[in-house]
Amino acid sequence: MSKRDYYDVLGVSRQSDAAEIKSAYRKLAIKYHPDKNPDNAEAEEKFKEAAEAYEILSNPEKKARYDQFGHAGNSAGFGGAGGGMNMDDIFSQFGDIFGGGNPFESFFGGGGGSRSGRRVQKGTNLRIKVKLTLEEIAKGVEKKVKVNKQIVCHTCDGSGAKDKASFHTCKTCGGAGSVRRVTNTILGQMQTTSTCPTCNGEGVEITAKCTTCKGDGLERGEETIAINIPAGVSEGMQLSMSGKGNAAPRGGIPGDLIILVEEVPHESLKRDGINVIYDLYINFADAALGTSVEVPTIDGKAKIKIDPGTQGGKILRLKGKGIPEVNSYHKGDQLIYVNIWTPKAISSEERDILEKLKSSANFKPQPGKSEKSFFERIKEYFE
Ligand SMILES: [Zn+2]
Ligand SMILES: [Zn+2]
């Protein structure tokens, strides 16, 4: 099934600012909330679809990638989660939308209490740089990177407690992370929900802290992460792998790993977008007589033919020997610029030969109508 455009899903324009996007999502989240639409698969789909759209459009990095690459920009190829959020992800998002706590408990009488009331902490994002050669960029590559980061504490398994006996469900809120208060008003009884003051919304109480992590459930460690780099990425592009950043305190949701792409310059090939450029130099004898030369490409050497009478400035093309577009089958070409090498120093013998050739009628430049101008050549190859 092809995904709908995220802006269409939320019913906002591409120019909408963060506040408009947030407000549009709020409305849809309330409309399609499962507590309001029990056993309605269609509403659930709509609810998830809206949450996914908001997840992308509310994050400036993900939004920029979406605007540039569409759905592919945040797909598995980019190391993203590949879309598809589960209900827990969606409910944990509500903290930002509704300003703390989950409004649905009070809206709908707390149907989804324990599922959504508990405060889940999120780990911080981790940024790393990955250096890639032109060959790796052309084919895509899996990079194994050792990352120093916050990991789950081995001693307490992330709970933050010294032992089982010192880890309890919070007595104040019964593990829900929130408490309900009923107040009498002139309109009758009003029920409000707020974060549990005892456990600060976490739903658990720790009576003795783990001595290794001092209670936050984290320690410093290393993790080797396999990063799947799709073909066609370029300098400065950012990829993200959700959940591969720093672990979160006490079993929360880990942050993301943000990967910044750096290109290592190639010794003889230059990249120009999806094309690869090579500057070829031949001497004017070869240009006049024709020859065959070997040129480097991103998949090894290639033999190319130089026709007799080739002019300097000609551009040859090796089709499909360039860089693919990210998440596309479209591939660039290798362009070969033919430069005629003019000797910088010559012997007296060479001078004699050249002096003789100079006056020969064939050596007088005589560009005809069929000769393309420099500007035409450039235009033809780059359009
Ligand atoms: Zn509590
Ligand atoms: Zn610990």
>> From the gyration tensor of the Cα coordinates in the chain, what semi-axes in whole Å does the equivalent ellipsoid have, largest first, with each one equal to sqrt(5λ)?
In response: 65, 26, 13
> Looking at region 248-291 from every direction and averaging, what is the projected area of its Cα convex hull in nm²?
Replying inline: 5.9 nm²
>> Taking 8 Å as the Cα distance limit and 6 or more residues as the minimum spacing, I'd like the relative contact order of the chain as a percentage.
In response: 14 percent
> Among Gly300, Asn275, Met237, whose Cα lies farthest out toward the positive end of the dipole of the chain, if unit charges sit on the beta carbon of Lys, Arg (+1) and Asp, Glu (-1)?
Replying inline: Met237
> Among the aspartates and glutamates, which have Cα under 18 Å from the Cα of Lys301 when same-chain residues fewer than 8 positions away are ignored?
Replying inline: Glu135, Glu136, Glu267, Asp279, Asp333
> Could you give the nm distance between label points at Trp341 and Asp5, where each point is 7 Å from its Cα heading toward the beta carbon?
Replying inline: 5.4 nm
> Using a 1.4 Å probe on the protein chains only, how many percent of the accessible area of the chain belongs to carbon and sulfur?
Replying inline: 51 percent
>> Cut-off under 13 Å on the C-alpha distance; same-chain residues fewer than 8 positions from Lys36 excluded. Which aspartates and glutamates are left, in chain and number order?
In response: Glu44, Glu105
> With +1 on each Lys and Arg Cβ and -1 on each Asp and Glu Cβ, how big is the dipole of the chain about its Cα centre, in debye rounded to the nearest 20?
Replying inline: 440 debye
> Using a 1.4 Å probe, what is the accessible area per residue for region 216-371, in Å²?
Replying inline: 58 Å²
> Residue separation times 0.36 nm, minus the C-alpha to C-alpha distance between Asn184 and Asn200: what's the value?
Replying inline: 3.2 nm
>> Over 17 Å apart: what share of the alpha carbon pairs of region 184-232 falls there, rounded to a whole percent?
In response: 69 percent
>> So, for region 164-207, what is the accessible surface per residue at a probe of 1.4 Å, expressed in square angstrom?
In response: 67 Å²
> Which value, in debye to the nearest 20, gives the size of the charge dipole of region 270-382 about its Cα centre, when Lys and Arg are +1 and Asp and Glu are -1 at the Cβ?
Replying inline: 240 debye
> On full extension of the chain, what length is gained from Asp67 through Arg26, given 0.36 nm per residue of separation minus the C-alpha to C-alpha distance?
Replying inline: 12.6 nm
> Taking every pair of alpha-carbon atoms in region 278-372, what share in percent sits in each 10 Å bin, from 0 to the bin with the longest distance?
Replying inline: 13, 36, 28, 15, 6, 2
> With Rg and the Kirkwood Rh both taken from Cα atoms, where does Rg over Rh land for region 164-207?
Replying inline: 1.18
>> Within region 323-350, name every residue whose backbone N is under 11 Å away from a label modeled 7 Å from Cα of Ala285 along the Cβ vector.
In response: 350
> Shape of region 190-264 from its Cα gyration tensor (a ≥ b ≥ c, root eigenvalues): rounded if a/c is under 1.5, otherwise prolate when a/b > b/c, or oblate?
Replying inline: oblate
>> Filter Lys48/Lys149; Lys319/Lys358; Lys244/Lys321; Lys3/Lys149; Lys331/Lys372; Lys303/Lys344 down to the pairs with a C-alpha to C-alpha distance above 29 Å, please.
In response: Lys48/Lys149; Lys319/Lys358; Lys244/Lys321; Lys3/Lys149
> Given R₀ = 56 Å, FRET efficiency for Thr133-Glu349 by Cβ-Cβ distance, to 0.05?
Replying inline: 0.80
> When the Cα centres of region 245-321 and region 4-18 are compared, how far apart do they sit, in Å?
Replying inline: 38 Å
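The values are calculated or read from the model by the stated rules, or taken from the named source; none is laboratory data. Being a predicted model, the structure only gives us computed values, none of them experimental. Counting neighbours? That spans all protein chains shown, and the Cβs are built from the backbone with ideal geometry, glycine included. Accessible surface areas use protein heavy atoms only, side chains included; no ligands, DNA or RNA. Shrake-Rupley method; radii C 1.70, N 1.55, O 1.52, S 1.80 Å.
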